[in-house]
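Let me begin by presenting the structure, written as structure tokens, before commenting on it.
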Amino acid sequence: MMELKETHRDDMLHVYVSGSVTDADYRDVLMPAIDAATEGDARLRLLMEMESNAGDFTLGALWDDARTGLKHWRGFDRIAVVTGSKGVARAIKAFAVILPCPVMVFHPGQVDEAKRWLTESLGAIHQTDLGDGVLEIQLLGKLDSAVYDAEVERLNAFIRANDRFRLLLDIRDFDGWQGFGALGEHFKLVRDHAPMLEKAAIVGDAGWQKMAVGLGKRVLGKDARYFEAEDHAAARDWLRS
């Protein structure tokens with residue numbers, strides 16, 4: 001059985017799952033709610049609170065589960081699942097790597113933590129105009145696609161004011177991307193602005209060196225240099241040289 005719970009937010013859906021789940025639950029409860037929540041360009045934050053184990057799902061329900069995800073592929077902003085089933089948790093974590101949005105699994109009793117994760121900021125992008133056509137971008141935490149949406153206009157404004165620019169990319173506190181959607185937004189942003197970029201300095205730790213230099217030289221096709229975390233000032237000097 002599936003039951004919708006009140007969330008007091010238009011962009012969040014809380015689905016409580018108990019007992020056996022059938023294809024009728026998807027058809028009559030879940031899918032109409034998701035259709036309404038993702039109408040137009042709206043994006044949904046889904047909380048699935050489950051008291052069922054993997055054996056409680058019929059084959060029809062499992063098919064509807066996959067079909068719902070594909071139909072609303074770009075409509076989900078984040079998904080939080082609360083479950084005590086190790087099998088369900090493993091399956092969700094396995095599929096999470098191919099989903100275009102962040103997915104997190106919580107243990108029973110962590111509903112409040114799941115709600116908090118759905119509403120809090122997962123990461124941030126800070127942009128600083130250093131003058132002389134040099135832009136510093138700091139990537140902080142784990143980024144989702146919404147973070148890029150909020151920063152595109154600021155980047156475009158900087159580009160309009162500088163026909164050519166140099167980039168200082170600070171990834172010292174960067175933890176990666178939340179899902180393929182955020183990763184796709186990142187490379188779209190890089191591709192769209194690469195022609196105006198003269199050179200890039202990347203400041204991070206040793207774990208990011210291969211990725212950082214590869215991004216600069218292969219994706220951007222520009223002069224790029226990697227600097228260790230303690231050499232932030234040297235990276236600025238190199239960009240101005």
Extreme residue, modelled with the lowest pLDDT, among residues of segment 1-23 that are open to solvent by less than 30 Å² (accessible area, probe 1.4 Å) and aliphatic (A, V, I, L, M): V21
Lone qualifier among A157, A235, A224, A201 - being hydrophobic (A, V, I, L, M, F, W, C), modelled with pLDDT of 85 or more and in a strand (DSSP E or B): A201
Residue in segment 187-196 that is over 21 Å from the mean Cα position of the chain (by Cα), modelled with pLDDT under 85 and either within 30 Å of T83 (Cβ to Cβ) or surrounded by fewer than 13 Cβ atoms within 10 Å (Cβ to Cβ) (or both) present: yes
Condition met for R27 (outside any loop (DSSP other than H, G, I, E, B), under 23 Å from H107 (Cβ atoms) and basic (K, R)): no
Qualifying residue in segment 101-111 (condition: in a strand (DSSP E or B), modelled with pLDDT under 90 and farther than 23 Å from S18 by Cβ): no
Residue ID - modelled with the lowest pLDDT, chosen from residues in segment 86-100 that are open to solvent by less than 20 Å² (accessible area, probe 1.4 Å) and more than 15 Å from the chain's Cα centre (by Cα): V88
Test: residue in segment 165-173 that is out of contact with any helix residue (DSSP H, G or I) (no Cβ under 7 Å at 6 or more places or on another chain) and open to solvent by 50 Å² or more (accessible area, probe 1.4 Å): yes
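The values are calculated or read from the model by the stated rules, or taken from the named source; none is laboratory data. If you're wondering where the values come from, they're calculated on a predicted model, not measured in any experiment. Here the Cβ is made from the backbone with ideal geometry for all residues, glycine too, and neighbour counts use every protein chain on show. Just the protein is used for accessible areas: all its heavy atoms, side chains included, with ligands, DNA and RNA removed. Shrake-Rupley method; radii C 1.70, N 1.55, O 1.52, S 1.80 Å.
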